[in-house]
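Read the structure below first, then the notes.
The values are calculated or read from the model by the stated rules, or taken from the named source; none is laboratory data. For clarity, every value in this text was computed on a predicted model and none was experimentally measured. Counting neighbours? That spans all protein chains shown, and the Cβs are built from the backbone with ideal geometry, glycine included.
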Number of protein chains: 2
Amino acid sequence: MKKVSLKDIAEMTGVSTSTVSFILNGKASEMRISEALKKKVLATANRLGYQPNQVAVSLRTGQTKILGLLVEDISNNFFAMLAKTIEDEAEKFGYRVVYCSTENDSKKGQALLRMLAQRQVDGFLITPTSGMEQDIRKLHSQHKPVVLMDRCFSGMEVPHVLVNNYGGTSEAMQHLIKKGYTRIGFITVDLGLNQMLEREAAYSDAIAKMPATKAKAKKTVLTINYHSSKEENKKQISKFIKSNKLDAVFFATNYLGILGLECLREQQIRIPNELAVVCFDDHDIFRLYIPDISVVQQPVEEMGRKAVHLLMDQLGKERTGSKDQQLRLNAKFVARESTSREA
Amino acid sequence: MKKVSLKDIAEMTGVSTSTVSFILNGKASEMRISEALKKKVLATANRLGYQPNQVAVSLRTGQTKILGLLVEDISNNFFAMLAKTIEDEAEKFGYRVVYCSTENDSKKGQALLRMLAQRQVDGFLITPTSGMEQDIRKLHSQHKPVVLMDRCFSGMEVPHVLVNNYGGTSEAMQHLIKKGYTRIGFITVDLGLNQMLEREAAYSDAIAKMPATKAKAKKTVLTINYHSSKEENKKQISKFIKSNKLDAVFFATNYLGILGLECLREQQIRIPNELAVVCFDDHDIFRLYIPDISVVQQPVEEMGRKAVHLLMDQLGKERTGSKDQQLRLNAKFVARESTSREA
DNA sequence: AATGGTTGCTAAATCGATTTAGCAAAACAC
DNA sequence: GTGTTTTGCTAAATCGATTTAGCAACCATT
């Protein structure tokens, strides 16, 4: 059982490949192919189990019907969910998605972008890392359809879908302050990503605006080194919490929060009585933890869907009303037990 | 800035496309291309930023250098980890991996298999669902390289990498029995997957062999409906535990365990004092939970690597010593707090 | 000067589809 | 019976690479 090509069917039925192609692509009547011949060709195609070679189709049509999705780490829940919604949404438009993880390594990111370009993907969906700015600019200048997600570069006119990091963080900070926490720390990561900076800015502003009665409130930030070992980072976190006598801590992203929980567990620090915890970005772990952890939820599905739509706009799939090419979606604070200490 | 092709370079430098192709593929000396010309072509290729069109290359060479990976659900941690190791390992052999999730839907699984075949992937890595048997047989009979992982069909001669489900489960059961638990329940899912059946068989055998002193020990199994709602399933679990007065429960796979934790949390059942918990397959949540959950760890990395190796063997990359085409790797029980009640 | 061997490069086929332009035969018009 | 249309189909170009077979031009040999 070898592979069956158009030519095989053509030879079997004694017609030309053109005719077979027309029939199989539903252009039989348009091309005035007789009903009898159509039936015959369809039947043998079916019998032989013909499956068109997409590689050849792509070469000829110039379309692969594939989108490239570049995320930080596909095994991180946030990106896995994002990938899933994107895949489902893209399918509705007849596109497949191939995912790649950059692991925050700009060399790897560049290599992957190049690889996707060589594979002739029809469009790019990217959660960029700091080193990718040049490459993305280049893609965009070559008129390749590109959409950025979750983060972007200031001053870049590329379409993107972001989250209202500032608003979500502010909301969470208000909650902590209202609950009477005064020594609130902020733990972030040194990737220079602008969504992290926005979250930190909201934190700083919230601290600065704290009622004067709580006079001693001060900005207290720990910036974790992304490439350090887990153990080293846990040590840092525990030292940060203890030496600053914090009563609450805000983690800027989900893996920091998870690492934090691991650290608190080892240090036997009780949540929320000894320390309140909030994390940006929800996760099964936070929902299931005892006590469950207050979080700022990101609109993952909406982000994925909107991103695909922005890309389809560029691919000429003119969905109705494609107005703004740069979106910002709202994040939502969800209060749970981790921020409600017993009176 | 349009796309640059071989032909463009050929015209710019005044040579034929053949020559350019030879040079860019490192066959310059083999084809006795003069050093001067080689330099010139390389220079202009570089200057124009030439990137070969992989679609064309694939069509011509008959190789896409792409492997298709079909898993149950890429957002499930186990499969995400598996995908990651596979991706890394495949890269060493010059292959890219595209992942797809079947979501245990055999229709979707078939559609994905067909799609991957049409895209001319060079090989398949599959965690099959029960409905895929026919399709996989067909692939194998067409001499397409295929490797199954995690599960397989009895009597199928397709290469695969499995886990010693029976051994891992037995080990966990011994542990529970030694700890004095007597009313041990088993919760599985109705997908008819053989790895689940093996785990259940180990459970049953362990119960049957329990010391006679613990006379009342009886097989107590709940089979969850995969497609039921989460709420319905939680209700089932809670009823199962209460009505059977269980003192320990074994979850056959990670999402059941996670669902179980959620359920126990809502029912305010304390672990391990009221109920001991063990789950097949580790997860961040189990490691971080308070108390942390005893699990049977699967050798994910090893499975991924071995699977790629089995596939490479079929692709003729003759790694040294490719002996057995059907592997079974050991699972390891890890005792944690969830199975050690206070005396 | 004829022969043979290198050297350095190219023409053309090929992979498997799509699509444009056009051809022969039949049908119709008058 | 001749001219025009319509019908039903096909030849050939094309996408962008790889690769086989082979052609000139030059050199060396006798």
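For the stretch B:203-317, give me every one of the strands (runs of 3 or more DSSP E) that falls completely inside it and has 1 or more residues that are more than 27 Å from the chain's Cα centre (by Cα) and free of Cβ contacts under 8 Å to residues at least 12 places away in the same chain.
Counting at least 1 such residues, we get no strands (runs of 3 or more DSSP E) at all.
Residues that are of a type in the set (Ser, Thr, Tyr): find the helices (runs of 4 or more DSSP H) completely inside the stretch A:79-178 holding 2 or more of those.
A:165-178
Pick from B:Met81, B:Met149, B:Met132, B:Met115: which is free of Cβ contacts under 8 Å to residues at least 24 places away in the same chain, at negative phi and not polar (S, T, N, Q)?
B:Met115
Would you be able to tell me the number of residues in the stretch A:195-220 that are at pLDDT below 90 and either within 23 Å of A:Pro128 (Cα to Cα) or crowded, with 19+ Cβ neighbours inside 10 Å (or both)?
Residues that pass the stated criteria total 1.
Do we have B:Ser106 as small (Gly, Ala, Ser), surrounded by fewer than 20 Cβ atoms within 10 Å (Cβ to Cβ), free of Cβ contacts under 8 Å to residues at least 40 places away in the same chain and within 16 Å of DNA strand C (Cβ to nearest atom) here?
no
Take the conditions among the aliphatic types (A, V, I, L, M) and farther than 22 Å from B:Lys108 by Cα and apply them to A:Leu125. Does it pass?
yes
Please pick out the residue among A:Val4, A:Val20 that is in contact with a Ser or Thr (Cβ under 8 Å, 6 or more places away or on another chain), among the aliphatic types (A, V, I, L, M) and either closer than 21 Å to B:Arg114 by Cα or more than 10 Å from DNA strand D (Cβ to nearest atom) (or both).
A:Val20
When residues of the stretch A:57-74 are filtered for being modelled with pLDDT under 95, surrounded by 20 or more Cβ atoms within 10 Å (Cβ to Cβ) and part of a loop (DSSP other than H, G, I, E, B), how many remain?
The total comes to 2.
Specify the residue that is nearest to the chain's Cα centre (by Cα); the eligible residues are those in the stretch B:38-78 that are more than 11 Å from chain A (Cβ to nearest Cβ), without any contact (Cβ under 8 Å) to a residue 24 or more places away in the chain and within 13 Å of DNA strand C (Cβ to nearest atom).
Going through the qualifying residues, I end up with B:Leu42.
Can you report the number of residues in the stretch A:23-37 which are away from DNA strand D (no atom under 11 Å from the Cβ), in a loop (DSSP other than H, G, I, E, B) and either within 14 Å of chain B (Cβ to nearest Cβ) or not polar (S, T, N, Q) (or both)?
Looking only at that region, the number is 1.
What's the number of the condition A:Phe22 fails, among (1) within 8 Å of DNA strand C (Cβ to nearest atom); (2) touching a residue at least 24 places away in the same chain (Cβ under 8 Å); (3) not β-branched (Val, Ile, Thr)?
Every condition holds for A:Phe22 apart from (2).
Is it true that some residue in the stretch B:90-103 is of a type in the set (Ser, Thr, Tyr) and surrounded by fewer than 20 Cβ atoms within 10 Å (Cβ to Cβ)?
no
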